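**Student:** Have a look at this one before I ask anything.
Laboratory data are not the source of any read-out in this text; all were calculated from the coordinates shown. Because the structure is a prediction, the values reported are computed rather than measured. Positions of Cβ are backbone-derived with ideal geometry, glycine not excepted, and every protein chain shown enters the neighbour counts.
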Amino acid sequence: MTAATVFQNNLRNGLRRGAVETRIMLTTPGDLVMALGSLAIMVSVLTIAGNGTFEGSELDLGSMNFPSVLGATLVTGTVPMIAGKLAWSKASGELLRAKAIPRGLGSFLVGHTISVSVFALFTVVGMLLAGLLFFDGLVFSLGRLGILAGVTAISLVCLIPLGAVLGSLLSNPRHVGIVQLPLTVLIGISGIFYPLAAYPAWLQSFAEVFPVYWIGLGMRAAMLPEGMAAVELGGQWRLGQAFAVLAVWAAVTLLLAVPLLKRMARKESGAALKD
Amino acid sequence: MSAAVSVAGLTMVYGDKRVLDGVDLEIPAGEIVALLGPNGAGKTTTMEILEGFRGRSAGTVEVLGEDPQTAGEHWRSRIGVVLQHWEDHANWRVGEFLGLLRDHYRPFGDCWDTAELLDVVGLESKKDSVVKVLSGGQRRRMDLAAGLMGHPELLFLDEPSNGLDPVSRRAFQELVAKLNRDLGITILMTTHDLHEAERLADRIVVLIGGRVHVEGTVAELNEETGAKAEVRWTEDGRRHVEFSTAPLELIDAVRARTGGEMTDLEVRRSSLEDTYLAMVARVHAGAAFSANEPEEEAR
């Protein structure tokens, strides 16, 4: 069997697995309530905040914060989710099942990547529709939607392996909270709640190391009026730099994810499952 | 008959703990073999090495003619695995789960049609049911179906009927026996249910302390361990009970003594449970009992 055939089989089985997992996520009340509920809460908060403005800017606070919140939603909707899925796959025996069937691990990874990506995109599209309806300050055009799609795509390529790396290190699905803790800190210093330019220099440098800031920056560049770039570090969107940093993160996390996932699968056994 | 499993000198060491210590095992194709032993005896480790789930420290292992440690995906498609604990794919429908497995096995050769397989395991009406609503017995049948999907030549069953109620357990055991009888699948199972082992297995292998202490049919094990049959009869209006390793000779002796007067005769041969418990007790007491034991332990 050629490598191309193996790849095709993995992809086809992964797509089938991903389609079923996505259907389950989109029809499971708990998952939907979590996604739509948090979406409704965020939009409500932003709508209420929308009455104010920031330091003389003509842009309402709701519109100003909306793209950053969208970026944060992408982060929180992917990293803990894929980490949780991997951790649960160890506890439930799904990973061992994947080991027990021919070419099971390939379709297992493709399937979960697809389901988490689709669910994240579902949330992003939902929020975008809310943005169109409720926030007049946002700028939409074909070119900007292209930027948005590009930022979303590279963010997913970066965040899903990051979640996989973290998930491969978790021994118990109940430990997913450990993943959320540093994410919350990074979101807090990513310029979502307050422009990064107003933070101390050391905190700015720290935030710039991580992908969360750059995802938020990319979202802002895609949806806010040009004039708002003045609030950002260096007074510009630095979109090229955002793509470059996210690409580096994607490469690093992908390189780390492959051996860590192999290690996770190798360590999985029936005895571990019984424990 | 060719060997489905051939193991020689299998050793597994974790740190300074020797979990398996020179296990030799031969399973001819078409047999059902039960691997018994107390907790920590090395049953699961042995199974996982044979399934290709973990490596080994020493020894040679051949499963269906290949070393599981290096065997590829085609070899994987020739074996079926049913573990004790599965909670996966709980939100999937039974049919779509088995359909996905079918897609995995199909490139490697013949595999079951999903509807046919559901019929074989008695879940034909559950194709559209969500896995998590299946009863314990139905879930085990689905797990068995998953293990069978690729028409395996060798099926591993790890405590297959653990946690099932007596009716489900009996039905499951009958299904396993039927699969072996009708399809000729070689089965290696572990179990703590000695009635199940006695009922299903052609041969029993008892692992204690990482070594094969004894193996054979139930009758051979009884003989080897000197297990006694219980003989009860009425003589001169009184009930008598005696335990003997040679019940027929005992009966002959009583008949000769009483001139054939021996009524209400009952003979209960030693069960596998009696034999096994006696064996474990003797091992714990430090007694050597088996001709198969390594020399150094027999001394």
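**Student:** Give the long-range amide H neighbours of B:I32: residues separated by 5 or more places, or on another chain, with amide H under 5 Å away, using H modelled in the peptide plane at 1.01 Å from N.
**Tutor:** Those qualifying (amide H under 5 Å, at least 5 residues apart or on another chain) are B:I187, B:D202, B:R203.
**Student:** With viscosity set to 1.306 mPa s at 10 °C, what whole-number translational diffusion coefficient in µm²/s follows for region A:143-275 from Stokes-Einstein and a Kirkwood radius over Cα pairs?
**Tutor:** The diffusion coefficient I find is 97 µm²/s.
**Student:** Right, next: Cα atoms only: what Rg and Dmax, in Å, come out for region A:58-146?
**Tutor:** 18.1, 60
**Student:** Continuing with the same structure: Pick from A:V185, A:V110, A:V151: which is most flexible by mean-square fluctuation in a GNM of chain A where alpha carbon atoms under 10 Å apart are linked?
**Tutor:** A:V185
**Student:** Only helical DSSP H runs with n ≥ 4 go in: add -39500 (n - 2.57) per run for chain A, normalise by residue count and round the 222 nm mean residue ellipticity to 500 deg cm²/dmol.
**Tutor:** After summing the helix terms and dividing by the residues of chain A, the value is -26500 deg cm²/dmol.
**Student:** What residue among A:E58, A:E232, A:E21 has the largest mean-square fluctuation in a Gaussian network model of chain A, using Cα springs under 10 Å?
**Tutor:** In this elastic network of chain A, the residue with the biggest mean-square fluctuation among A:E58, A:E232, A:E21 is A:E58.
**Student:** Next question, about the same structure. Can you list the lysines whose alpha carbon sits under 28 Å from that of B:K17, skipping same-chain ones fewer than 8 residues off?
**Tutor:** A:K90, A:K99, A:K262, A:K267, A:K274, B:K43
**Student:** In 5 Å bins starting at 0, how do the alpha-carbon pair distances of region A:96-144 split up by percent?
**Tutor:** In order of increasing distance, the bins hold 5, 17, 15, 15, 11, 9, 9, 7, 7, 6, 1 percent.
**Student:** On a 0 to 90 degree scale, rounded to 10, what angle separates helix A:239-267 from the longest Cα axis of chain A?
**Tutor:** Roughly 20 degrees between the two axes.
**Student:** Now for a different question. What's the long-distance tail for the protein assembly as shown, i.e. % of Cα pairs beyond 34 Å?
**Tutor:** When every Cα pair of the protein assembly as shown is considered, 53 percent fall beyond 34 Å.
**Student:** On the principal axes of its Cα set, how long, how wide and how thick is chain A? Give whole Å, largest value first.
**Tutor:** In descending order, the Cα extents are 63, 39, 39 Å.
**Student:** Shifting gears a bit: May I ask you to derive the relative contact order of chain A, considering only C-alpha pairs under 8 Å and at least 6 residues apart, and to give it as an integer percent?
**Tutor:** Reported relative contact order: 27 percent.
**Student:** Once the Cβ-Cβ distance between A:V125 and B:E249 is put in as r, and R0 is 56 Å, what FRET efficiency do you end up with, to the nearest 0.05?
**Tutor:** Efficiency at R0 = 56 Å is approximately 0.10.
**Student:** Another question about this same structure. Looking at the square roots a ≥ b ≥ c of the eigenvalues of the Cα gyration tensor of region B:6-67, which shape do they give, rounded for a/c under 1.5, prolate if a/b is larger than b/c, or oblate?
**Tutor:** oblate
**Student:** Would you list, by chain and number, the aspartates and glutamates whose Cα falls below 14 Å from the Cα of A:K85, excluding same-chain residues fewer than 8 positions away?
**Tutor:** A:E21, A:D31, A:E94, B:E87, B:D88
**Student:** Compute a Gaussian network model of chain A, connecting alpha carbons closer than 10 Å, and tell me which residue from A:V157, A:V258, A:V45 fluctuates the most.
**Tutor:** Maximum among the listed residues: A:V45.
**Student:** Compute the distribution of all C-alpha to C-alpha distances in region B:151-240, in bins of 10 Å from 0, and list the percent of pairs in each, rounded to whole numbers.
**Tutor:** Result returned by the calculation: 13, 37, 28, 13, 7, 1, 0.
**Student:** How would you rank B:I208, B:I32, A:I215, going from fewest to most other Cβ atoms within 10 Å of each one's own Cβ?
**Tutor:** B:I208, B:I32, A:I215
**Student:** Same structure again: For helix A:3-27, report the angle its Cα long axis makes with the longest principal axis of the Cα atoms of chain A; keep it between 0 and 90° and round to the nearest 10°.
**Tutor:** The answer is roughly 60 degrees.
**Student:** Quick one: Debye curve from the C-alpha atoms of chain B, no solvent, what's log10 I(q)/I(0) at q = 0.10, 0.11, 0.14 Å⁻¹?
**Tutor:** Log-scaled intensity ratios, in q order: -0.64, -0.74, -1.05.
**Student:** With the convex hull built on the Cα atoms of region B:89-229, state its orientation-averaged projected area in nm².
**Tutor:** Directional mean of the projected Cα hull area for region B:89-229 stands at 10.1 nm².
**Student:** Go through region A:31-42 residue by residue and turn each phi into a ³J(HN,Hα) via Karplus (6.51, -1.76, 1.60, θ = phi - 60°); whole Hz please, and just put x for glycine and proline.
**Tutor:** Result, rounded to whole Hz: 5, 5, 4, 4, 6, 6, x, 5, 4, 5, 4, 5.
**Student:** Out of all DSSP beta bridges with both ends in chain B, state the antiparallel percent to the nearest 5.
**Tutor:** 65
**Student:** Moving on to the next point. Please compute the length gained on full extension between B:S135 and B:R268, using 0.36 nm multiplied by the number of residues separating them and subtracting their Cα-Cα distance.
**Tutor:** 44.3 nm
**Student:** Shape verdict for region A:95-213, please, from the Cα gyration tensor: rounded (a/c under 1.5), prolate (a/b greater than b/c) or oblate.
**Tutor:** Taking the square roots of the gyration eigenvalues as a ≥ b ≥ c, region A:95-213 is oblate.
**Student:** For region B:80-189, which GluC sites (Glu not before Pro) are in a loop by DSSP, counting at most 16 other Cβ atoms within 10 Å?
**Tutor:** The qualifying sites are B:E87.
**Student:** Kirkwood Rh over alpha-carbon pairs of region A:7-52, then Stokes-Einstein at 4 °C and 1.567 mPa s: what D in µm² s⁻¹, rounded to an integer?
**Tutor:** Result for D is 100 µm²/s.
**Student:** What are the ³J(HN,Hα) couplings of region B:202-207, residue after residue, when phi is run through the Karplus curve with 6.51, -1.76, 1.60 and θ = phi - 60°? Round to Hz, x for glycine and proline.
**Tutor:** 3J(HN,Hα) across region B:202-207, in whole Hz: 6, 9, 10, 10, 9, 9.
**Student:** Could you work out how far helix A:211-223 tilts from the main Cα principal axis of chain A, as a 0 to 90 degree angle to the nearest 10?
**Tutor:** 50
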